[in-house]
Every structure is written in C-alpha cells, then in structure tokens.
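The values are calculated or read from the model by the stated rules, or taken from the named source; none is laboratory data. Keep in mind that this is a model prediction, so the values were computed, not measured. Positions of Cβ are backbone-derived with ideal geometry, glycine not excepted, and every protein chain shown enters the neighbour counts.
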Amino acid sequence: MNDDDENVKIAKVGQKVRGSKTGQPIMILFDLLGRRWAMGIIWNLSAQNCTFRELQARCDSLSPTVLNTRLKELRAANLVEKAQHGYGLTAEGTKLFKMLEPLGDWSYEWTDMLAE
C-alpha cells in the first residue's frame, strides 16, 4: 500500500455501513462491492492484470477519479494490488471472484426467466 491508500478507510466489523446498522462482515462486503464500478473492476481484473488506462477502457471509460478511488478502496480491502503490469487481483480478490462467478452465471438464467 502506498501513502495515498493509508487515507482510505474500509469499515470494520461492528461499524455502520450502508444498509446495516450492525456492520456484519457480509454487509461490509456488500457495501464495498455495491460502490459504483467496484464489481466491474474486479470482474475485469479476473481475466488479466491491466494498466490504469486499460482498466479504464474496459470499464466503459469511467472517469479517472472514480477509477482511482475504487482502486484505492479495493487495495485497502486487500482485493486488488499493484502488479508488474498495472493492477491485478490479490489471492483474496481471486478467491472472492471465484465465489461470485457462479452468481454471474446464475444471473443469466434468472434474467431469462424474468423475460418469459
């Protein structure tokens, strides 16, 4: 983590987060993942490491400010790290993605069902 990342705060267990007064771990995770483009960044980094500009292009050219903020948050949460070629998922980030991937697959079936 660099000095800029030290200013980024991720909620601790028991602290209020959006949607939860109790700050249960799952709610802390959902709060983080529910932030604009957090999931998109994780999804895009699951395939390969990306430079800042590559990641920005893969995320529909989101603003550099939002991308920078999300990367700092995801780095503070130990899900993303600076890698040899830009940014990549940490071991924990990869573990999280592997748990989310089946949910992504299920979502296709679910939306097909809704369309019927």
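Consider region 16-56. How many of its residues are modelled with pLDDT of 90 or more and outside any helix (DSSP H, G or I)?
Total satisfying the criteria: 8.
Of the conditions (1) hydrophobic (A, V, I, L, M, F, W, C); (2) assigned to a loop (DSSP other than H, G, I, E, B); (3) modelled with pLDDT of 90 or more; (4) surrounded by fewer than 13 Cβ atoms within 10 Å (Cβ to Cβ), residue 103 clears all except one; give me its number.
The number of the failed condition is (2).
Mind listing just one residue for me: the one in region 76-92 that is under 16 Å from residue 46 (Cβ atoms) and charged (D, E, K, R) and, of those, surrounded by the fewest Cβ atoms within 10 Å (Cβ to Cβ)?
Restricting to residues being under 16 Å from residue 46 (Cβ atoms) and charged (D, E, K, R), the top hit is 92.
Return the only residue of 15, 56 being touching a helix residue (DSSP H, G or I) at 6+ places or on another chain (Cβ under 9 Å), polar (S, T, N, Q), surrounded by 12 or more Cβ atoms within 10 Å (Cβ to Cβ) and closer than 24 Å to residue 84 by Cβ.
Matching residue, one of 15, 56: 56.
Which of the residues belonging to region 43-84 are touching a residue at least 24 places away in the same chain (Cβ under 8 Å), touching a strand residue (DSSP E or B) at 6+ places or on another chain (Cβ under 7 Å) and closer than 23 Å to residue 12 by Cβ?
Listed by number, the residues that qualify are 71, 74, 75, 79, 80.
Output the residue which, of all residues in region 57-100 that are in a helix (DSSP H, G or I) and among the polar types (S, T, N, Q), is farthest from residue 28 (Cα to Cα). Steps first, please.
Kept after step one, since they are in a helix (DSSP H, G or I), are these residues of region 57-100: 57-58, 64-76, 91-100.
Within this subset, residues satisfying the condition of being among the polar types (S, T, N, Q) are 65, 68-69, 94.
Numbers: 65: 23, 68: 20, 69: 17, 94: 18 Å.
Among those that are in a helix (DSSP H, G or I) and among the polar types (S, T, N, Q), it is 65.
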